[in-house]
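The values are calculated or read from the model by the stated rules, or taken from the named source; none is laboratory data. From a predicted model like this one, the values you see are computed outputs, not experimental measurements. Every residue, glycine as well, gets a Cβ built from its backbone with ideal geometry; the counts of neighbours run over all protein chains shown. Side chains are part of the model used for accessible areas, which takes the heavy atoms of the whole protein and leaves out ligands, DNA and RNA. Shrake-Rupley method; radii C 1.70, N 1.55, O 1.52, S 1.80 Å.
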Amino acid sequence: MSEPMADTALRGGGRGPASLEGLRSLRIESDQRAAHGRPTGRASRYLARPAFAGAAVLLALAAYVVLARGPFRPPLVEVSRVVAVSQGAGSASPSLMLTGYVVTGRKYVDLGATVPGRVDWIGVEEGDRFEAGQPLARLEQDELRAQRQFAAAALEAAEARLSELVSGPLPEELARAKAQVDEAAATQRLAEQTLARDEELAREGIVSLYQLDAARSDATAAQARWRTAGEAYNLLRRGARSEVVRSARAEVARSRAGLEQARSRLEQAVVRAPFRGVVLEKVRDVGDSVVPGGVDRRGSGSAILRVASDDGLRVEVEVSEVNLAQVKLGQPARVVLDAWADKAYEGRVAKLLPSANRQKATVKAEVVLLSSDASVRPEMGAKVQLMEASDTAAGASGRLLIPKAAVVPAPDGPTAFVLDGERVRTRRVRVGAARGDLVEVGSGLAEGQYVVVKGQDKLRDGQRVRRAN
């Protein structure tokens, strides 16, 4: 109601009592609502604040997901380095770009022991380099050392026996044998004399037949001992028979072979590097058992280390059949590792396999690295630019090359996106002759810059990007 009407009602007008009664009813209704646990207006506002806070958190998370994973995230692009190739008389220019992986001439070698045992020591870790002949691992050697000592003792005994047979008896031994012969002869003479006396006494009946038989037996035994002593003395003087000497020599040779075998087994317990290279993987750990010729869950039962040779590093590539005519043995090449795009290595085509891959329609080739350093590691990705003889006249200036995919048509001429930190910049370029997958660039770029080769269809100048390679 209006303000005058309210005054009239409060002063006792006809509508005053009814208005006061209405105000009381409203207050009673509010009290009843509070009594029944229903929030009043102010309380309901306080209770609504946590709900608004939760909704705000959910909105913030949704915004983060949209910004981080949605269309506002910087796009992912692939880039390639701008390379410069100097031109002159007899120089070479890129003809074909290939990709592959670094391998070694000997591929990979599993080093292990040729004797069974338990690994006692491993002196290298993955990535360590080693020289030819360097000890890399060792098995337990206690039992092998004992076997070597036993073989050495057997050889010493056989050699002593042979030396005794070959050298013959000592003078003292001959004298002792001669004395035994003389003693046996004296005993034999005494026994014969006793026998002759007893026979005479027996004829006279003084000695019984029993005593006579005993004397005869003693004489016979004495004569046998004299003959035996004499034969032994003669054998000792003549020396050992040739058959006995040969047998002793054979025993010495057998014992010496046993000692060499024990020494060889002890040496085989030490794993040495057969060439200069790098450790790729530790197949076994200290405490593991190895069994030559066996196979377990890890592969070869005797392998302890997997290594690769540093000699003959090369890049293995696959050449499409349509480009096979551009690849020749001995052809120069330029190799750039994916991990070190600012370095280039000279190479040459060393192998072109005679058979092709039917499914891929490719032929495998190997480009040997003529110069390498510690940065080149097996299984690294690499890009190979095969070179061809240039017809450019002597003294011509150098030229820049980029992949054809980096050139983007535009209304005002060909352009390329250059990587500038985390952003890309548009550059107008002057395109020249094409060389396989590459194209010459006359202006707009500089050597060493990186241009976008994939993902530039929706880019704009100054846009932030994420590099994929």
Quiz item: Considering 200, 173, 192, 204, which residue is over 30 Å from residue 265 (Cβ atoms) and either touching a Gly at 6+ places or on another chain (Cβ under 6 Å) or open to solvent by less than 80 Å² (accessible area, probe 1.4 Å) (or both)?
Solution: 173
Quiz item: Residue check: is residue 310 closer than 26 Å to residue 128 by Cα, in contact with a Phe, Trp or Tyr (Cβ under 9 Å, 6 or more places away or on another chain) and open to solvent by less than 80 Å² (accessible area, probe 1.4 Å)?
Solution: yes
Exercise. List every residue pair whose Cβ atoms sit under 9 Å apart, with the two residues 6 or more apart in sequence or on different chains, where the first one lies in the range 321-349 and is over 26 Å from residue 450 (Cβ atoms) and open to solvent by 80 Å² or more (accessible area, probe 1.4 Å) and the second, anywhere, is of a type outside the set (Phe, Trp, Tyr) and not in a strand (DSSP E or B).
Key: 321/361; 322/361; 348/329; 348/330; 348/331; 348/370
Quiz item: Do we find a residue being surrounded by fewer than 16 Cβ atoms within 10 Å (Cβ to Cβ), outside any loop (DSSP other than H, G, I, E, B) and in contact (Cβ under 8 Å) with a residue 12 or more places away in the chain anywhere in the range 287-304?
Solution: yes
Quiz prompt | All positions within the range 237-254 that are open to solvent by 50 Å² or more (accessible area, probe 1.4 Å) and either touching a strand residue (DSSP E or B) at 6+ places or on another chain (Cβ under 6 Å) or over 24 Å from residue 177 (Cα atoms) (or both) | solution = 246, 247, 249, 250, 251, 253, 254
Quiz item: Does residue 264 fit the bill of being under 30 Å from residue 113 (Cα atoms) and assigned to a helix (DSSP H, G or I)?
Solution: yes
Practice problem: Within the range 137-154, track down each residue that is in a helix (DSSP H, G or I) and either open to solvent by less than 50 Å² (accessible area, probe 1.4 Å) or touching a His at 6+ places or on another chain (Cβ under 7 Å) (or both). | Solution: 144, 151, 152, 154
Exercise. Specify which of the listed residues (214, 240, 222, 157) is touching a residue at least 60 places away in the same chain (Cβ under 8 Å) and either part of a loop (DSSP other than H, G, I, E, B) or farther than 30 Å from residue 260 by Cβ (or both).
Key: 240
Practice problem: Return yes or no: is residue 162 surrounded by 16 or more Cβ atoms within 10 Å (Cβ to Cβ), closer than 30 Å to residue 260 by Cα and modelled with pLDDT of 95 or more? | Solution: no
